Amino acid sequence: TLGRARIGAAMPPDADDDVARLSVAELKKQLFFLAAFPSGHCEKADLVAALRAARAEKAERDRRKAKEEEAAEAEKRKAEAEKRKAKLLAPAPRPLNFERKQDEVVDL
């Protein structure tokens, strides 16, 4: 689960410089795959800003998703531990003995 969260989440420190060097077609392609293409006519600077914002938003979504998956996994482990603990604390069932005579009669 951690491998999925890291894909695209960590950008190299000079990734912003690389974004400015991309062609307009490459910028549009990356925005398309991030589902963040701005509407209308855009200059290259607008595309660069939109791509940076989309990458930051995707990184934040990935961090949140990884955190939620970790919390769900921790909750699952906690529930399993409680289940094991309850099983250990429960008294062992005694076998029924039908051959025993009823020596104990209670007068009412």
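Laboratory data are not the source of any read-out in this text; all were calculated from the coordinates shown. All figures in this text were calculated on a predicted structure; none of them were measured in a lab.
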Whole-Hz ³J(HN,Hα) for each residue in the stretch 69-86, computed from phi via Karplus 6.51 cos²θ - 1.76 cosθ + 1.60 with θ = phi - 60°, x for glycine and proline: what do you get? 5, 4, 5, 5, 5, 5, 5, 5, 5, 5, 5, 5, 5, 5, 5, 5, 5, 5
Whichever lysines have a C-alpha closer than 27 Å to that of LYS67, once near sequence neighbours (fewer than 8 apart) are set aside: LYS58, LYS76, LYS78, LYS83, LYS85
Ratio of Rg to Rh for the stretch 53-99, alpha carbon only, Kirkwood? 1.54
For LEU88 and GLU60, compute 0.36 nm times the residue count separating them, minus their Cα-Cα distance, and round to one decimal in nm. 5.9 nm
Could you work out the Kirkwood radius for the stretch 16-68, taking every pair of different alpha carbons, averaging 1/r and inverting it, reported in Å? 11.5
Multiplying the sequence separation of LYS67 and ALA36 by 0.36 nm and subtracting their Cα-Cα distance, what value in nm do you get? 8.8 nm
